[in-house]
1. Looking at (1) crowded, with 16+ Cβ neighbours inside 10 Å; (2) at pLDDT 95 or above; (3) more than 22 Å from Thr7 (Cβ to Cβ), find the lone condition where Leu40 falls short.
2. Among the residues of segment 36-71 satisfying the criterion of being in contact with an Asp or Glu (Cβ under 9 Å, 6 or more places away or on another chain) and in a helix (DSSP H, G or I), which is farthest from Lys21 (Cα to Cα)?
3. Just to be sure, is Lys11 surrounded by 14 or more Cβ atoms within 10 Å (Cβ to Cβ) and among the charged types (D, E, K, R)?
4. Quick one: count up the residues across segment 53-81 that are open to solvent by less than 50 Å² (accessible area, probe 1.4 Å) and in contact with a Leu (Cβ under 8 Å, 6 or more places away or on another chain).
5. Would you confirm, using the coordinates I've provided, whether Thr33 is β-branched (Val, Ile, Thr) and either open to solvent by 80 Å² or more (accessible area, probe 1.4 Å) or over 22 Å from Lys8 (Cβ atoms) (or both)?
6. So Ser85 ticks every box in (1) buried (at least 16 other Cβ atoms within 10 Å of the Cβ); (2) touching a Phe, Trp or Tyr at 6+ places or on another chain (Cβ under 9 Å); (3) among the hydroxyl-bearing types (Ser, Thr, Tyr); (4) at pLDDT 90 or above but one. Which box is left unticked?
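The values are calculated or read from the model by the stated rules, or taken from the named source; none is laboratory data. This one's a predicted model, so the numbers in the text were calculated from it and none came from an experiment. Cβ: placed from backbone, ideal geometry, glycine included. Neighbour counts: every protein chain shown. Only protein heavy atoms, including side chains, enter the accessible area calculation; ligands, DNA and RNA are left aside. Shrake-Rupley method; radii C 1.70, N 1.55, O 1.52, S 1.80 Å.
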Amino acid sequence: MNEISDTKDPKTALQELTQAKKLALPIYVAAATGPAHEQLFDVTCRIEGLDFETHGKSSNRRKAEQIAAAKLLEKIRNGTTNKKSRIFRREKF
């Protein structure tokens with residue numbers, strides 16, 4: 001059963017998935033490097049209570065967040081997560 005539409009952006013899809021599973025909302029932490037006119041954003045995305053995180057890099061902070069969220073969704077959908085995240089293993093998203 002696909003509860004999360006593939007037409008939604010990754011941040012929205014990830015948030016809806018965590019809410020459906022009654023988990024903490026995703027946390028995004030951004031770090032910027034480089035001069036103001038050429039910044040590169042490295043965003044970490046994680047879900048509290050699960051022992052994994054993903055990173056997204058882009059010259060745009062919002063784009064970096066979307067990349068990190070998409071990677072975390074992919075991990076969840078493929079079941080490439082740790083033992084604490086078994087909640088996702090047997091379902092299709």
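1. All conditions are met except number (1).
2. Ala64
3. Considered against the rule, which asks whether it is surrounded by 14 or more Cβ atoms within 10 Å (Cβ to Cβ) and among the charged types (D, E, K, R), Lys11 comes out as yes.
4. Number of matching residues: 7.
5. Against the criterion (β-branched (Val, Ile, Thr) and either open to solvent by 80 Å² or more (accessible area, probe 1.4 Å) or over 22 Å from Lys8 (Cβ atoms) (or both)), Thr33 qualifies.
6. (4)
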